[in-house]
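Below is one structure; the comments refer to it alone.
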Amino acid sequence: MNGNSRSDPASFMAEFDAPELLNLLADGAYITDTERRIIFWNHAACKITGWEAHEVVGRSCQDNLLVHVDKDGHQLCGHEHCPLHRSIVTDQPSAEPLLVFAQHRSGTRIPVEVTVSPVRNRAGQVIGGIEMFRDLTESMQDQLRAKEIQDMAVACELPPDDRVSFETRYQPRDIVGGDFYRIERVGPDDYAILVADAKGHGVAAALYTMLLRSLWQEHRPDLVSPTRFMGMLNDRLQVLVRDSGYFGTAALAAYNAVTGALRLVRAGHPAPLLFRAKGAVESIGGVNPALGMIPDTVYHETEAHLAPGDALLLYTDGATELFDDQEQELGKEGLLKLALSQPPAGTITGFHLDQLEEQLLRFSNQIHLPDDLTLVKLHRPG
């Protein structure tokens, strides 16, 4: 073909084949069938991972090869959270790049930015998936350090107490996130539990959570009174509110492990769910303005009681503002149904947060959860 002549796009593209084009890319790329057996591995994938094509083609991508983990170290391969698996089963490409950590041939971990998409045949049927990845090693160090600092800020090491048990799940959408939770023993028999959601995502929202951690420590004596502590938070955070209209939302609970007494204040936050061992479920907490919305807000608390066997679930809106493939929102009622679908009959307080997180992902019909997610479960043993 004469280099100066014009040709139609179809004729031009007929001069190439897919493997040749993929091998020209600087990003790693591989293609699998629906069982995630690798059928193509490009030159850049070899360079980034150290694995040659002849070593990996025909093998499963989870067969001691990339063995993706997320930013928190959770295994993705072979599980619901695998981005490529999610793309194949949902028939959806990733809407934005995902951060995972792949395994180099040497055994070291490589931060990579991943995009995934289903592969279809000419009839439109999904026959596999393609994953493209870019090495982020040089640009990732500062973000990973920020994650370490935020993880330390939310870490809660509680002393053993047979009278109460806590379970938590914290999954920021990005390396760092805007959700914050804190559980602390503030007296021989008393606990304070905070779940907050700063407006926004990423680094700016993460900086807000560090401020929350500082205010928690500074005003720790006020935790005995949820209304007083929440009023302080509102006043201190107001200076950060500009065009957004509010800083964020929060729910703060004070719990007595002897009596089961619970005092709760929620500031624009989703209502916690109280699961009764006898079978009933209640939404608790009166309506109060979000943090930073109205100066000098006087917050009002709700009183409740956990009988032996009861459980309380606090969560951020990342657990309810999810949409399925029919654009139906999960909502609070949907979250409740997912939790109740786990345990056998007669043990409605026995749901597990790791399973609930996977149920949320399956409902969303997306590659990953679109928002930060925090779940905190308080259980009074029967």
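Per-residue 3J(HN,Hα) values for region 310-316, derived from phi via the Karplus relation 6.51 cos²θ - 1.76 cosθ + 1.60 with θ = phi - 60°, read 6, 9, 10, 10, 10, 7, 9 Hz in sequence order (x marks Gly and Pro). Measuring nothing but alpha carbons in the chain and taking Rh as the Kirkwood radius, the Rg to Rh ratio lands at 1.05.
If you fit an axis through the alpha-carbon atoms of helix 202-218 and take the longest principal axis of the Cα set of the chain, what angle between them do you get, 0 to 90°, nearest 10? Tilt of helix 202-218: around 20 degrees.
Within region 86-193, the trypsin sites (Lys or Arg not before Pro) that combine a DSSP coil assignment with at most 10 other C-beta atoms in a 10 angstrom radius are 122. Among the GluC sites (Glu not before Pro) in region 298-382, those located in a DSSP loop and surrounded by at most 11 other Cβ atoms within 10 Å of their own Cβ are 327.
The residue among 253, 21, 201 whose Cα reaches farthest toward the positive pole of the charge dipole of the chain, with charges on the beta-carbon of Lys, Arg, Asp and Glu, is 253.
What number, in percent, do you get for the relative contact order of region 141-379 if the mean sequence gap of Cα pairs under 8 Å and at least 6 apart is divided by its residue count?
Numbers: 494 pairs, mean separation 52.9, N = 239.
The value is 22 percent.
If the chain linking residue 90 and residue 121 were pulled fully straight, counting 0.36 nm for each residue of separation and taking away their Cα-Cα distance, it would gain 9.6 nm.
With a Förster radius of 45 Å applied to the beta-carbon distance between residue 33 and residue 152, the computed FRET efficiency rounds to 0.60.
The modelled label-to-label distance for the pair residue 214/residue 161, using points 7 Å beyond Cα in the direction of Cβ, is 2.8 nm.
Quote to one decimal, in nm, the extra length available between residue 307 and residue 109 on full extension: 0.36 nm per residue of separation minus the C-alpha distance between them. Write out the running numbers ahead of the final one.
Details: separation 198, 0.36 × 198 = 71.28 nm, distance 4.68 nm.
Stretched out fully, the residue 307 to residue 109 stretch lengthens by 66.6 nm.
Sort region 43-122 into rounded, prolate or oblate with this rule: let a ≥ b ≥ c be the square roots of the eigenvalues of the Cα gyration tensor; rounded if a/c is under 1.5, and if a/c is not under 1.5, prolate when a/b is larger than b/c, oblate otherwise. Because a/c hits 1.5 or more and a/b fails to exceed b/c, region 43-122 counts as oblate. Of 311, 290, 214, which is farthest towards the positive pole of region 196-325's charge dipole, taken about the Cα centre with +1 and -1 on the beta-carbons of Lys, Arg and Asp, Glu respectively? Result: 214, furthest along the dipole toward the positive end. Using only Cα atoms, tell me the angle between helix 353-364 and the longest principal axis of the chain; keep it within 0 to 90° and round to the nearest 10. Taking Cα atoms only, the helix is inclined about 50 degrees.
Coordinate-derived values only; no laboratory data. In this text, all values refer to a predicted model and were calculated from it rather than measured experimentally. Please note: Cβ atoms are built from the backbone with ideal geometry, for glycine as well, and neighbour counts cover all protein chains shown.
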